[in-house]
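Undergrad: Input: one structure, supplied below.
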There are 2 protein chains.
Amino acid sequence: MAKKYSEKHTIPYYECDLTRKLAIPTLMKLAISTSEHQSADLGVDNDYLSTLGLGWIITQHDINITRLPYEGDTITVSTLAESYNKFFCYRRFWLHDAEGNELVSITTTFCLMDLASRKIASVREEIMAPFEPEHIKKIFRNDTILPFNKPTVETPYKVRYLDIDTNLHVNNSVYIEWFLDTLGYEYLKTHQVERILLNFNKEIRYGDVITSSYELAPETPLITRHRIMNDDVLCAEANIYWKN
Amino acid sequence: MAKKYSEKHTIPYYECDLTRKLAIPTLMKLAISTSEHQSADLGVDNDYLSTLGLGWIITQHDINITRLPYEGDTITVSTLAESYNKFFCYRRFWLHDAEGNELVSITTTFCLMDLASRKIASVREEIMAPFEPEHIKKIFRNDTILPFNKPTVETPYKVRYLDIDTNLHVNNSVYIEWFLDTLGYEYLKTHQVERILLNFNKEIRYGDVITSSYELAPETPLITRHRIMNDDVLCAEANIYWKN
């Protein structure tokens, strides 16, 4: 069984949206922050990885939300690196409230990027061993993402300086902000996210102007289908499931 | 002497820019969060204010930066409500590093907004008394902001859902992101902010598309002059002083 790492966090107002609930892009930053703290704790942090010319990138999220915590709530964020195969590492995250109720459960797929060539590198035993994950052959894929046919709304977003992380590309949490923001005020204020199924396909750099589109297909009224395009290149796609 | 309130904070990666230093918009969120905690501690929080039909708004900042802390640093954020007159409350903030060195010093002017009319309301004794500020007659103004003549660069920004706070307008920290972002990657990566002198003139709402412009006048090469316009309305202006 992989090593579990947990930390408590009290949510400040600025991690919330106007309904005072934790904003989903921040939820994902919190999760990743916790996994970075585990990596540092085990002596295999990003600085160590960069000495090997490598950095972790995220290829998939499956985010399941029972309930989002509020401003001022103290939550526990937990994570473990469950398993890995030649190219992918599968990490789990959980948020629990102060009474131990599960708020959020996330499965995230990571892989290693060669920082010089910007290409995928194979996962090395010495990087993974400290987390005590299961070494597996199987490659897991996210559940099927429903096809995107025709945009209901398309919104352009220009990459900002603060969108860029130390890997010199747009941070994954920004894609989630772009996916959600295009839905607009009325939709976001009156709907609750149940699940986000998300594939990252391509990195986005400073200077790029991307288009975040969504489709609300009549046959799946509680699922919005999303994609982020950089000109003709698909950078990410998602399905967002909304509570009934 | 006004009551001082302090709290410690360890900076997560997601509050930093790509240089791993605390991002200035987040610095301001941290400061305001600390003053909100002091207000809650003294029984005069935003919920209490809203029962009176009031909310605090910010009209000016004078932000002086000696050095920005890094990801992982534990800092102390302190604040006190120094003084107030009929319409304005003057609050001080400081950031200190773990050795007690001052990193940042901020003076912020607040006033009360009538939430229904969106107009300025006079400051009431019962709201201020718990902070033990000095009651003064004098009205302080920020140092003169250099006039804005001709934009060097103008960038449009569309208000996003997460830019809106519980007062239902764009949060003050977002103006600071817009001021800085228009300067672009190369400028921001190679220059350090020394001081930001900032006046807020007008609230901005969801759906607005504002223009953030800056001017680099040859006679003041270490000061950029900024303004945010919503059509023909000046919403905020700033001077940003850069370290030599």
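Undergrad: Name the residue that is farthest from A:PRO25 (Cα to Cα), counting only residues in region B:176-186 that are more than 9 Å from chain A (Cβ to nearest Cβ) and over 15 Å from the mean Cα position of the chain (by Cα).
TA: Filtering first and then ranking leaves B:GLU186.
Undergrad: Name the one entry in A:LEU49, A:LEU54, A:LEU42 that is away from chain B (no Cβ under 12 Å) and either of a type in the set (Lys, Arg) or in contact with a Pro (Cβ under 7 Å, 6 or more places away or on another chain) (or both).
TA: The conditions single out A:LEU42.
Undergrad: If I filter region A:104-148 down to residues being in contact with a helix residue (DSSP H, G or I) (Cβ under 9 Å, 6 or more places away or on another chain), in a strand (DSSP E or B) and not β-branched (Val, Ile, Thr), which single residue comes out as surrounded by the fewest Cβ atoms within 10 Å (Cβ to Cβ)?
TA: Here the residue is A:HIS135.
Undergrad: Here's something else I'd like to know. State which residue is farthest from the other protein chains (Cβ to nearest Cβ) when the search covers only region A:200-212 and only residues that are of a type outside the set (Lys, Arg) and surrounded by fewer than 19 Cβ atoms within 10 Å (Cβ to Cβ).
TA: A:ASN201
Undergrad: Next up: Just give me the residues in region A:20-51 being modelled with pLDDT under 95, touching a Leu at 6+ places or on another chain (Cβ under 9 Å) and either in the same structural domain as A:TRP178 (by the TED database) or not in a helix (DSSP H, G or I) (or both), in sequence order.
TA: none
Undergrad: Another one. In region B:1-48, what residues are surrounded by fewer than 18 Cβ atoms within 10 Å (Cβ to Cβ), touching a strand residue (DSSP E or B) at 6+ places or on another chain (Cβ under 9 Å) and aliphatic (A, V, I, L, M)?
TA: Across region B:1-48, the qualifying residues are B:MET1, B:LEU42.
Undergrad: What is the one condition in (1) within 8 Å of chain B (Cβ to nearest Cβ); (2) in a loop (DSSP other than H, G, I, E, B) that A:SER173 does not satisfy?
TA: (2)
Undergrad: I would also like to ask the following. Taking interchain pairs and intrachain pairs at least six residues apart, which have beta carbon atoms under 7 angstrom, with the first residue in region A:211-231 and within 16 Å of A:TYR241 (Cα to Cα) and the second in a loop (DSSP other than H, G, I, E, B) and among the aliphatic types (A, V, I, L, M)?
TA: Pairs found: A:TYR214/A:LEU183; A:THR220/A:LEU146; A:ILE223/A:LEU146; A:THR224/A:LEU183; A:THR224/A:LEU216; A:ARG225/A:LEU146; A:ARG225/A:ALA217.
Undergrad: Checking B:LEU95 against (1) more than 14 Å from every other protein chain (Cβ to nearest Cβ); (2) of a type in the set (A, V, I, L, M); (3) within 30 Å of A:LEU183 (Cβ to Cβ): exactly one of these is not met. Which one?
TA: (3)
Undergrad: Still on this model: Look through A:VAL170, A:VAL123 and report the one residue that is closer than 30 Å to B:ASP163 by Cβ and of a type in the set (Val, Ile, Thr). Please lay out each step first, then the result.
TA: Details: A:VAL123 fails: closer than 30 Å to B:ASP163 by Cβ.
Going through A:VAL170, A:VAL123 in turn, the sole match is A:VAL170.
Undergrad: Can you pull out every residue in region B:217-233 that is of a type outside the set (Val, Ile, Thr), over 23 Å from A:LYS158 (Cα atoms) and touching a strand residue (DSSP E or B) at 6+ places or on another chain (Cβ under 7 Å)?
TA: Matches in region B:217-233: B:ALA217, B:LEU222.
Residue-wise test of (1) modelled with pLDDT under 95; (2) β-branched (Val, Ile, Thr); (3) not assigned by the TED database to the domain that holds B:SER39.
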| residue | (1), (2), (3) |
| --- | --- |
| B:ALA121 | no, no, no |
| B:GLU125 | yes, no, no |
| B:ARG141 | yes, no, yes |
| B:TYR161 | no, no, yes |
| B:ILE164 | no, yes, yes |
| B:HIS191 | no, no, yes |
| B:ARG195 | no, no, yes |
| B:ASN199 | no, no, yes |
| B:ILE210 | no, yes, yes |
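Undergrad: Can you tell me which residue among A:PHE148, A:PHE93 is in contact (Cβ under 8 Å) with a residue 12 or more places away in the chain and not assigned by the TED database to the domain that holds A:GLN60?
TA: Answer to the selection: A:PHE148.
Undergrad: Out of the residues in region A:151-170 meeting the condition of being without any contact (Cβ under 8 Å) to a residue 40 or more places away in the chain and in a loop (DSSP other than H, G, I, E, B), tell me which one is farthest from the other protein chains (Cβ to nearest Cβ).
TA: A:HIS169
Undergrad: Going through region B:194-244 one residue at a time, which ones are over 15 Å from B:ASN64 (Cβ atoms), within 15 Å of the chain's Cα centre (by Cα), polar (S, T, N, Q) and assigned to a strand (DSSP E or B)?
TA: The one that is over 15 Å from B:ASN64 (Cβ atoms), within 15 Å of the chain's Cα centre (by Cα), polar (S, T, N, Q) and assigned to a strand (DSSP E or B): B:ASN199.
The values are calculated or read from the model by the stated rules, or taken from the named source; none is laboratory data. All values reported here derive from a predicted model rather than from experimental measurement. Note that each Cβ is placed from the backbone with ideal geometry, even for glycine, and that neighbours are counted across all protein chains shown.
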